[in-house]
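These notes are about the structure you will find just below.
The values are calculated or read from the model by the stated rules, or taken from the named source; none is laboratory data. A quick note: this is a predicted structure, and the numbers were derived from the prediction, not measured. For neighbour counting, all protein chains shown are included, and Cβ atoms are generated from backbone atoms with ideal geometry for every residue, glycine included.
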Amino acid sequence: MTDLTRLTAAELAAGIHSREVSAVEVAQAHLDRIAEVDGDAGRGVHAFLHVAADAALASAALVDEAIGAGSAPASPLAGVPLALKDVFTTIDMPTTAGSKILEGWRPPYDATVTARLRAAGITILGKTNMDEFAMGSSTEHSAYGVTRNPWDGTRVPGGSGGGSASALAAFEAPLSVGTDTGGSIRQPAAFTGTVGVKPTYGGVSRYGLIACASSLDQGGPCARTVLDAALLHEVLAGYDPLDSTSIDAAVPAVVEAARAGASGDLAGLKVGVVRELGGEGYQPGVRASFDAALQLLEKLGAEIVEVSCPHFEYGLAAYYLILPSEVSSNLARFDAMRYGLRVQVADTGSAEEVMAATREAGFGAEVKRRIMLGTYALSSGYYDAYYGQAQKVRTLISRDFAAAFERADVLVSPTAPTTAFPIGDKVDDPLAMYLNDLATIPTNLAGTAAMSVPSGLARDQHGGVELPVGLQIMAPALGEAVMYRVGAAFEAVRDAEQDGPLIRRVREWS
Amino acid sequence: MTLANSPTLVDYDEVVERFDPMLGLEVHVELNTRTKMFCGCPTAFGAEPNTQVCPTCLGLPGSLPVVNRVAVESAMRIGLALNCSIAPWGRFARKNYFYPDMPKNFQTSQYDEPIAVNGWLDVALDDGEIVRVEIERAHMEEDTGKSLHVGGQTGRIHGADYSLLDYNRAGVPLIEIVTKMIPGTGARAPEVARAYVTTLRELVKALGVSDVRMDQGSMRCDVNLSLSPRDSGTLGTRTETKNVNSLRSVERAVRFEMTRQAGVLDAGDPIVQETRHFEEQSGTTRAGRRKETSEDYRYFPEPDLVPIAPPVEWVEELRGTLPEPPRERRKRIQADWSLSDEELRDLVNADALDLVAATVAAGAPSQEARSWWVSYLSQQANSQGVTLDELAITPEQLARVIELVAGGELNNKLARQVVDGVLAGEGSPDDVVAGRGLAVVSDDGPLIAAVDEALAAQPEVADKIRSGKIAAAGAIVGAVMKATRGQADAQRVRELVLQRCSG
Amino acid sequence: MPAISRDEVAHLARLARLAVTEDELDLFAGQLDVILGAVARVGEVAADDIPPTSHAVPLSNVFRPDELRPGLNQEQALAGAPAVEEGRFRVPRILDEEPLAGSGISGEEA
């Protein structure tokens, strides 16, 4: 019998919709897999913070019932299981954003993304682990323990969406949803040998997405194949009147683009290599994998051009001013008055004292660090020098992108400078941790689209097993179709050249 | 009476002899949109606590704001009516500050990029003098929730054991209208302040964008005031007095701050730049609690909302919907109704202008309409402890009563009974007439009998009338009215008396 | 000379309502100093004639009609509250007076 957890979402959907297999069986197989490998923070992958077995089976049963009654599936992914990052509100499951301050909180409403998944008949298996309020690049900043990288349990899966990425790589779910503020979908995808997409800002509704940095956050699909990501992309994306920054335009036809890419070449397409991304500071194995990827793209008929984005080097600095500033304001609402944790201060503690004590106890070190950094950057006297200047850098980065997209249809770079690093390696050195996001941040600052696709394996200076490397493909705003086409074409040629999908080489978890 | 925070008050006349007041007013107007500024929750006043809330106005994690189009239109209409320019582009900002009645711990406000700037409003003082008040800006923001302080001796915030929060009001749209400093008002500063707020209230009411109920907080006023020594050309330190919640209080607050600040300056002390609170009972102001840390609101552009860039056509369309400016409207009404300056002033001060105008629009003559609202109905409102427009009678109902009087179906005394009936909830004027059996006796038959009976009962009076002392008829008319329990038309009775005594 | 002092960090913590410990003050002062040193380079490139970008996507005039939308009932609104009384959120005593201008009659007597 086929192991259902090894199939792609597209394969599972085909089986469920043709009644070869039931959605309940598929859900059960994944729940069993979760029970087998996920464990807790001490052992196991620990991709999940909450598993909603009963709700998942009930949802799957509804899909089976509808299909049995002859109805058309609610969507091309009806009945396919999915893992949802614990940053989207769910009315029937706790939502914590990886923070102690929200422990046990049950939102009275569903995020738009949650509602779209439900409407599409997708089986939500549970909520996945993340760095607290999406701040981090390793999931080590989760209040509920680190998620392990299925390729090597001593390594981080990246972050903030390490849970969503590891759930895919450990075959606990064929699909997951992440959010990407500075690389939180793409870098974990690169670290776990999976596919992660950061859509154009405004492409996927943020309503019900617990904000990290409002002007940068964007939800997006995670999967093991480009086609699966595209199928999920079309479920998630679309105009939402509840989000003022939602784009009121047709969703790019990414499924069609992915299918075309997988079976075609890239003749006539210009792929820009960003000179400023990929040199110094990038691990040799990562550079080698990137160079090999460029050769494959050329082989597909793409023309490789070099482009320069001179202001990208300031992106990290701008990002670490804009993000903390927005964070300091967005996280002010966690004050022990209306929901979440409340720390008592003697019997007579004032509201002010209770707020300060609760926030001190409820937030982790990284969150507090960024709140204070943002408070500083927005203070009168410093605003112009820090926040104001950072916003100007944002303009310059957008201009760099615009100029580069004049010369190339898509831009490419390594997704992250390194492969997955050992747990504990950078947790005490914030600046070293921030460098992880060097290549992914410019896209968030400009609001454009980007994805990470597995490009190969590399061994780092720590030795041990070979670990996945990601290729980042960047496209202009609403340019997702060309991005998926390139991603799917690259994936197809890479798999053909290297004896099948990279993910097959992940070790069996034990 | 001694005041802890203001040991010596200087006599008002002396203050204005030696000091120039500089006045500024910030008025918050709660819009009467159906829904809140950033979410679809209702805005009605007086609902059960926390029943008009949603994830957005409760500031729940993940929630997002979306701007109410009608609130923006109301803001622009207020701006246009105040002769402001409408900003071609502007963003909301976040004003960051922790306070339990603010669900997000920031207020979303157009503070630094207001939708309307640089306007003016002409304000008429009691003697007809016109003062032009320059408007600095009008901007949109959101209201806070309400806190109820429980325990302690006074039930106030100080000494309370704990507080209870209701967020029904959180997110209700507010427009803040800020004047430039108003110089040169001298002794008339308190009057100018009241006249400005009165006129602004009239304007906003005419726009139909707010209930402007100062007693319910849908219009609130903060008074900024400083004094400088007469003709010194220097600018004094100003105080901001909050919680000034009636037209009368506006005048009293300005007056009190002038006498208090003069006392402080005379004692050789500096004025502290601070927020003060107006105490309705005593008519005084008191200092707010000093903050340990200086406030730093850390404004930055609200990333969850996109800029507002109203196209010119939209602005012009809104300009086309503006009502007549208050001053011109008053002038026109004064001419139309042939009012003296004093009569107009009484009407304005009684807050009856709109009600009279509506009654006239419903067909009543202005004099009768005016008389009803300014005298009898004002008394009723006073004794009920409500405002004139809260009385349970509509201008249309009053116009019907006036019509019945003009038609001779009611006399003035009966008309008051009909009005009482309407106020008591007995239905329309016609319902009350029917229900209470109040129609004037207009059939002459029973009246002639009553007149003859009264003449027979008072033969000496009858003789006087017959001998030409027409003034004596009053006694007979009175007797007839008594006999008919007031339901006769007194004028007709008089005619009949004279008729029966002649020939 | 560090960009940020320990006292400044303490001030930031007060503004941000974080009851940080003495040890954290030392730790954060050092870390924030390093981070600020690194991010200060945004000042190197952005000239006066560069407009700031506050929103990544250039949208404007996004409005909602003034129409009621179902919200939460009282029970749902209060469900996550640490303490509740009489249909309201019960919170510890508040020391500061109303901070916002014009918030008017919010402090009612009970």
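If you check B:VAL223, B:VAL209, B:VAL264, which single one turns out to be in the same structural domain as B:ALA47 (by TED's automatic domain parsing), among the hydrophobic types (A, V, I, L, M, F, W, C) and part of a loop (DSSP other than H, G, I, E, B)? Answer to the check: B:VAL209.
Quick one: in region A:238-274, of everything that is of a type in the set (Gly, Ala, Ser) and within 14 Å of another protein chain (Cβ to nearest Cβ), which residue is nearest to A:GLY447 (Cα to Cα)? The residue in question is A:SER246.
On inspection, A:VAL412 qualifies as under 22 Å from the mean Cα position of the chain (by Cα) and either surrounded by fewer than 21 Cβ atoms within 10 Å (Cβ to Cβ) or in contact (Cβ under 8 Å) with a residue 60 or more places away in the chain (or both). When restricted to residues that are buried (at least 24 other Cβ atoms within 10 Å of the Cβ), within 14 Å of chain C (Cβ to nearest Cβ) and either touching a strand residue (DSSP E or B) at 6+ places or on another chain (Cβ under 6 Å) or not in a loop (DSSP other than H, G, I, E, B) (or both), region A:88-111 contains 2.
Checking each residue in region A:1-50 for being in contact (Cβ under 8 Å) with a residue 60 or more places away in the chain and either small (Gly, Ala, Ser) or over 27 Å from A:THR147 (Cβ atoms) (or both) picks out A:ALA9, A:ALA10, A:ALA13, A:ILE16, A:HIS17, A:ALA23, A:ALA27, A:ALA41, A:GLY42, A:GLY44, A:ALA47.
Of all the listed residues (A:ARG116, A:ARG106), the sole one being basic (Lys, Arg) and closer than 30 Å to A:GLN344 by Cβ is A:ARG106. Scanning region A:361-417 for residues that are more than 10 Å from chain C (Cβ to nearest Cβ), under 30 Å from A:PRO468 (Cα atoms) and hydrophobic (A, V, I, L, M, F, W, C) yields A:PHE401, A:ALA404, A:PHE405, A:ALA408, A:VAL410, A:LEU411, A:VAL412, A:ALA416.
With respect to the conditions (1) at pLDDT 90 or above; (2) assigned to a helix (DSSP H, G or I), B:SER338 falls short on a single one, namely (2). When region A:300-319 is limited to residues that are more than 14 Å from A:LEU277 (Cα to Cα) and assigned to a loop (DSSP other than H, G, I, E, B), the one that is farthest from the chain's Cα centre (by Cα) turns out to be A:GLY301. Just give me the residues in region B:355-386 being assigned to a loop (DSSP other than H, G, I, E, B) and over 20 Å from the mean Cα position of the chain (by Cα), in sequence order. Passing the criteria: B:ALA362, B:GLY363, B:ALA364, B:PRO365. Of the listed requirements (1) crowded, with 17+ Cβ neighbours inside 10 Å; (2) touching a residue at least 60 places away in the same chain (Cβ under 8 Å), B:ARG327 misses just one: (1). Number of residues in region B:50-77 that are within 23 Å of A:ALA336 (Cα to Cα) and surrounded by fewer than 22 Cβ atoms within 10 Å (Cβ to Cβ) equals 1. For region B:390-404, which residues satisfy the criterion of being in contact with a Leu (Cβ under 8 Å, 6 or more places away or on another chain) and buried (at least 17 other Cβ atoms within 10 Å of the Cβ)? Within region B:390-404, B:LEU391, B:ILE393, B:PRO395, B:LEU398, B:VAL401, B:LEU404 qualify. Only residues that are touching a residue at least 60 places away in the same chain (Cβ under 8 Å), within 10 Å of another protein chain (Cβ to nearest Cβ) and part of a strand (DSSP E or B) were counted across region B:19-44, and they come to 5. When C:ARG93 is tested against the conditions (1) facing chain B (nearest Cβ under 7 Å); (2) modelled with pLDDT of 95 or more, the lone failure is (2). The set of residues from region B:57-77 being facing chain C (nearest Cβ under 9 Å) and among the basic types (Lys, Arg) comprises just one member, B:ARG69. Just one of the listed residues (A:MET474, A:MET433) is in a helix (DSSP H, G or I) and at negative phi, namely A:MET433.
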